[in-house]
Amino acid sequence: MKVKLIAAGVLALATIGASAQNINGAGATFPYPIYSKWFSEYSKQNPNVKINYQSIGSGGGIRQVSEGTVDFGATDGPMNDEQIKGAKVKTMHIPTVLGAVVPVYNIPGVNKDLNFSGDVIADIYLGKITTWNDPRIAKDNPGVNLPANAILPVYRSDGSGTTYIFTDYLSKVSSDWNSKVGKSTSVKWPTGIGQKGNEGVAGMVRQSPNSFGYVELIYAVQNKMPYGSVKNSAGKYVRASTDGVTAAAAASAKTMPADFRVSITNAPGTTSYPISSFTWLLIPTHSADAAKGKALVDFLGWMLDHGQSEANTLTYAPLPKPVQDMVRKSIAQIK
Amino acid sequence: MHSLPPCGDFHSPHKLPQGEYNQPGDSDFQETKIVSSTRMTTEREPGSPLPVPATLAVTPTPAAGAEPQAAVTTLSPIREYLSKRGSGRLADNSFAAVMLLCACSIFVIVLFILTILVLRSHLSFAQFGWRFFTRSAWDPVSGDFGALPFIYGTLVTSFLALAIAVPLALGVAVFIAELCPQRLRAPISFLTELLAAIPSVVYGLWAVFVLVPIMREILGPFLLKTLGWTGLFTGPNFGVGFLTAGIILSIMILPIISSLTRDIMMAVPNSQREAVLALGATKWEMIRIGVLRNSRIGIVGAIMLGLGRALGETIAVTMVIGNHPEISKSLFSPGYTLASVIANEFSEATGDLYLSALIQIGLALFLVTIVVNAIARLMVWAVTRGAPGRAA
Amino acid sequence: MSTQPFNQPRPPMNFETRGMRLNSTRRTVVNYFVTGLSILATIVVLIPLLAILFYLIYKGASSLNLNFFTHIPAPVGEEGGGMANSIVGSGIILTLASLMGIPIGIAAGVYVAEFGQGTLLANAIRFTADVLNGVPSIVMGISVYSLIVMPQKHFSAFAGGVALAIMMVPTITRTTEEMLATVPHAIREAALGLGVPKWRTVLSVSLRTASPGIITGCMLAFARVAGETAPLLFTALGNQFWSIRLNEPIAALPLQIFVYANSPYDEWHRLAWAGALVLIVLIMVSVTLVRIFANRGALKGGS
């Protein structure tokens, strides 16, 4: 009798263990806060599913999911054709939220919000504009007393999706930049100093007088740093906000390709913020483990229904309605 | 027959070729009892039998006496007893073999890492060849790569770190081992080892928030004023650069060098110290002649360990070096090291050539480490050739 | 004076000549000067340490509460998050690494010091250990990734332990070798002369005599790998949930500190500093415990 009880107990434990899903994912650092919030809440509602997400970088996410060492990936920059061809595990891009990259600066004596044109930013990083009182900066900011100090440009030393978005934008607005530097997660910066991570750049700008850098919107907001408005393709200076970013995405929804690999920098529209971008989850089209695949599809549906409303609280922009509908259709294709 | 040398010589020309020593009754020594004032045990008369445990006292005599010629093939009970307890050649040899195996594991690890580095960098090798290590370029977009600025950065920061850390570490070790009051020894040792326990991430963050402003505002201008004539402190000072990286590295390698030096100095026998003091030396002279001279090789070993750490340190350096691949004489200017570029760009490297160039940077670091270690070893060998290494 | 014959009485040395007095004074001054320098060096070394510790305490101590040690990380905005799984995870990985790395390191050091002195192989091993010590942690992580994670197709705590063990081995080998070389030959010869077999001599006599120094080496290696992030990024990956299984990703303190420190949120920054403080305290507690329990047979300046 005792043996039977023990056997029943062990069997019960084993089945509980068997139905628990431990799903592992890795990728971009930018969406880490919102993903960890989503996965934690999803786990509370579905106790059998534990989705573990670690931020090792977009490139790491692409590589690990292509090799099959993790169950899903995440990236700020879409995979290029070469990577898609060489992947051992075929994945599809699912956009989740939107983010914005803002220019931050630290000019002693100036606490106003400055305006920047795209080509001015490009020339600062190219080393052509070297002092704060350059006439081109002054043209964008009439009436502001800019000092004659040398600008210290700060860039991301580590490869990152943020750099990809930023250089993608600069390549579109400055042909000089496009030919000399180009766009990538990691580029050859003509001048300036590099710091690691969004936090590194924010920290360096915050404590170095006369510095200029680029960070994700969240970092500027959370660190209470002044950030500038950027001139969009319609000629208006837009200050980054979740609304401006969603507007940029909505404007590009009409031309959205089916695989969602699109760049929405310098998007059309009067309220669009020009340096915006999607961030994607990379979900295998055919999961090796059927149960894990089903759990992932379930999560994606939950993300669209419940997760999108939480994006704003963490300063991420939710997907516009048209894009959400497209995503729902794509999810149905995952087995 | 022959006069015995004063300290006792047990060689007997009549000894059996494989004989056990001190066979009962088999001895030519009938001379005077050797009494030596330096012995700790009472002298046993040569020729008297070994004190054998009572249980075995029965067997040796008949066996040895009955078969003096056949002693070659059978093991005496003593030998058997000892072999069973691990005294034999088998136990010694297998122990040595196990130790050898573990030692060779280091070779295996290094060969393995080297193989992986070489295999995965073949694309970049095919493109650039050996010139990779001598050209200055780093453009991920156009695919142009070269390792020279990084090699320069690694060497400059590591040697700067050594230059700052070695005198300080030796000073601390001398203080703890020789000059410090007994009660303070444990707390100060504990504190210096605490420096080793701080994770490199924390060093990096502290350096960014505390060291960089100090460099920019206080230390930089001070150095410019006093040592500006050397030409090493030109250019704008943003607080990040070779000098800051060298300083934070020196703080990180200091505990390694000082802890090991302290242990080595404390292991020098007191007789050395007493001898020098007896000759009338001051305390510093005693340390210099009696202790440091005997610890030289050990201190070099400790410094090599510290240098190894400095060459390979990744995260703390990348936060304060400015990450700009440029070769510049000024210590204020930003630079880039081999380990930092791998740490920064490996996770995100898109494209196979890019990835393989980064792996080739790892190979470059391997080569730099080998060359630096080889030079250091040669210098040590040249300096200590012929000189006695240790007191014991 | 040295040309005088040996057995003729020499005139006593005159210590009152000007030259002798200057010499005495010079030597005394140098003595005090160097003593002052080494005290100065100690102070200069202790200043950054105290600065870092105070900075950590100032920034992180406010986040240390019971939740920190018992809860897993919570998303931003929620109260009560902690780093309990990271503490346990680090403990598991470090135990694995120590179990693998310390015996191999000590054995290699024993070989070089006892069985192979002066041979080419021993010199090669010493050189190779120095080179291995200079390999950056990220390259170790990449190598172990290729060795263990890729064939197994998943990240695991075991791979993290292997990566850290490989990093510990060179330090321990070199330290063991150096410390064993300080053991006086007389002690070894005494043991061998008593009929103790060589392997027993090494274990019970040489190692025991050199044990304080060897323990220092092990503790230095342990403290270094306990704070390493890069090798774990590619091997153990990290885990925001509880996990103690060896073949699954596992959380680790340095990883979590790194992620939190690079995030935009102030509360996560404070957690990162608190985590760093806890890490340092845990390392020092382990080091101290090991020292207390293993410090026997010390040969401190004995002749």
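The values are calculated or read from the model by the stated rules, or taken from the named source; none is laboratory data. None of these values were measured; they are calculated from a predicted model. Quick reminder, even Gly has a Cβ in these numbers, built from the backbone with ideal geometry, and neighbours come from all protein chains shown.
A count restricted to the stretch B:97-154 and to residues that are more than 17 Å from B:Glu345 (Cα to Cα), in contact with a Pro (Cβ under 9 Å, 6 or more places away or on another chain) and not in a helix (DSSP H, G or I) stands at 1. Filtering C:Ile187, C:Ile215, C:Ile250 for residues that are in contact (Cβ under 8 Å) with a residue 12 or more places away in the chain and either among the aromatic types (Phe, Trp, Tyr) or in a loop (DSSP other than H, G, I, E, B) (or both) leaves a single hit, C:Ile250. Note on the stretch A:223-272: residues that are in a loop (DSSP other than H, G, I, E, B) and out of contact with any Asp or Glu (no Cβ under 9 Å at 6 or more places or on another chain) total 22. For the stretch C:127-149, a tally of residues being surrounded by 24 or more Cβ atoms within 10 Å (Cβ to Cβ) and either among the basic types (Lys, Arg) or within 15 Å of C:Leu232 (Cβ to Cβ) (or both) returns 10.
Taking the stretch B:215-241 as the range and being within 12 Å of another protein chain (Cβ to nearest Cβ), within 21 Å of B:Ala310 (Cβ to Cβ) and part of a helix (DSSP H, G or I) as the test, only B:Met215 passes. Of the residues making up the stretch B:319-349, those that are assigned to a loop (DSSP other than H, G, I, E, B) and of a type in the set (D, E, K, R) are B:Glu326, B:Lys329, B:Glu348. Among residues of the stretch C:100-118 that are without any contact (Cβ under 8 Å) to a residue 40 or more places away in the chain, those with a beta-carbon under 8 Å from a residue that is β-branched (Val, Ile, Thr) at least six positions away or on a different chain give the pairs C:Ala107/B:Val98; C:Tyr111/C:Ile125; C:Gly116/C:Ile125. Look at A:Thr163 and say whether it is within 22 Å of the chain's Cα centre (by Cα), modelled with pLDDT under 90 and assigned to a helix (DSSP H, G or I). Answer is yes for this residue. Within the stretch A:313-320, identify whether any single residue is out of contact with any strand residue (DSSP E or B) (no Cβ under 9 Å at 6 or more places or on another chain), more than 19 Å from A:Gly77 (Cα to Cα) and at pLDDT 85 or above, and answer yes or no. Among the residues of the stretch A:313-320, not one is out of contact with any strand residue (DSSP E or B) (no Cβ under 9 Å at 6 or more places or on another chain), more than 19 Å from A:Gly77 (Cα to Cα) and at pLDDT 85 or above, which makes the answer no. Taking the criterion of being of a type in the set (A, V, I, L, M, F, W, C) and touching a residue at least 24 places away in the same chain (Cβ under 8 Å), the residues of the stretch A:43-86 that qualify are A:Val49, A:Ile51, A:Ile56, A:Ile62, A:Val65, A:Val70, A:Phe72, A:Ala74, A:Met79. Identify all residues within the stretch A:257-277 that are under 18 Å from A:Ile334 (Cβ atoms) and either among the basic types (Lys, Arg) or surrounded by 19 or more Cβ atoms within 10 Å (Cβ to Cβ) (or both); write none if there are none. Correct list: A:Arg261 only.
Taking first residues from the stretch A:182-196 that are of a type in the set (D, E, K, R) and partners that are in a loop (DSSP other than H, G, I, E, B), the Cβ contacts under 6 Å between residues at least 6 apart in sequence or on separate chains come to A:Lys196/A:Ser157; A:Lys196/A:Asp158. Taken together, the criteria exclude A:Val144 from residues that are more than 9 Å from chain B (Cβ to nearest Cβ), more than 23 Å from A:Ile264 (Cβ to Cβ) and either at pLDDT 90 or above or assigned to a helix (DSSP H, G or I) (or both). Residues that are more than 30 Å from C:Gly105 (Cα to Cα), modelled with pLDDT of 50 or more and within 13 Å of another protein chain (Cβ to nearest Cβ) do not occur anywhere in the stretch B:55-72.
Reported count of residues in the stretch A:124-141, each being assigned to a loop (DSSP other than H, G, I, E, B) and either more than 24 Å from A:Val181 (Cα to Cα) or among the aromatic types (Phe, Trp, Tyr) (or both), is 3. Scanning the stretch C:72-92 for residues that are in a helix (DSSP H, G or I), within 14 Å of chain B (Cβ to nearest Cβ) and of a type in the set (A, V, I, L, M) gives a single hit, C:Ile87.
If you go through the stretch B:165-206 and keep only what is more than 19 Å from C:Ile52 (Cα to Cα), of a type in the set (A, V, I, L, M) and more than 7 Å from chain C (Cβ to nearest Cβ), you end up with B:Val166, B:Leu170, B:Ala173, B:Ile176, B:Ala177, B:Leu184, B:Ala186.
Looking across the stretch C:58-75, the residues that are in contact (Cβ under 8 Å) with a residue 40 or more places away in the chain, within 21 Å of A:Lys37 (Cβ to Cβ) and either surrounded by fewer than 16 Cβ atoms within 10 Å (Cβ to Cβ) or in contact with a Gly (Cβ under 6 Å, 6 or more places away or on another chain) (or both) come down to C:Phe68, C:Pro73. Just to be sure, is A:Lys292 charged (D, E, K, R), part of a helix (DSSP H, G or I) and more than 19 Å from the chain's Cα centre (by Cα)? It is true that A:Lys292 is charged (D, E, K, R), part of a helix (DSSP H, G or I) and more than 19 Å from the chain's Cα centre (by Cα). Checking each residue in the stretch C:226-250 for being more than 9 Å from every other protein chain (Cβ to nearest Cβ) and within 23 Å of the chain's Cα centre (by Cα) picks out C:Pro231, C:Leu232, C:Thr235, C:Ala236. The condition of being under 24 Å from B:Ser87 (Cα atoms) and either among the β-branched types (Val, Ile, Thr) or out of contact with any Phe, Trp or Tyr (no Cβ under 7 Å at 6 or more places or on another chain) (or both) holds for only one of C:His185, C:His154, that being C:His185.
Do we find that C:Leu279 is assigned to a helix (DSSP H, G or I), within 9 Å of chain B (Cβ to nearest Cβ), surrounded by fewer than 18 Cβ atoms within 10 Å (Cβ to Cβ) and modelled with pLDDT of 85 or more in this structure? Considered against the rule, which asks whether it is assigned to a helix (DSSP H, G or I), within 9 Å of chain B (Cβ to nearest Cβ), surrounded by fewer than 18 Cβ atoms within 10 Å (Cβ to Cβ) and modelled with pLDDT of 85 or more, C:Leu279 comes out as no. When B:Ala316 is tested against (1) within 11 Å of chain A (Cβ to nearest Cβ); (2) not in a helix (DSSP H, G or I), exactly one condition is not met: (2).
Put simply, of C:Ala159, C:Ala122, C:Ala181 the only residue that is within 10 Å of chain B (Cβ to nearest Cβ), closer than 24 Å to B:Phe366 by Cα and among the hydrophobic types (A, V, I, L, M, F, W, C) is C:Ala122. Just one of the listed residues (A:Lys183, A:Lys231) is farther than 26 Å from A:Ile34 by Cα, of a type in the set (D, E, K, R) and modelled with pLDDT under 90, namely A:Lys183. Residues in the stretch B:269-277: is at least one surrounded by 19 or more Cβ atoms within 10 Å (Cβ to Cβ), in a loop (DSSP other than H, G, I, E, B), more than 14 Å from chain A (Cβ to nearest Cβ) and touching a Ser or Thr at 6+ places or on another chain (Cβ under 8 Å)? Taking every residue of the stretch B:269-277 in turn, at least one turns out to be surrounded by 19 or more Cβ atoms within 10 Å (Cβ to Cβ), in a loop (DSSP other than H, G, I, E, B), more than 14 Å from chain A (Cβ to nearest Cβ) and touching a Ser or Thr at 6+ places or on another chain (Cβ under 8 Å).
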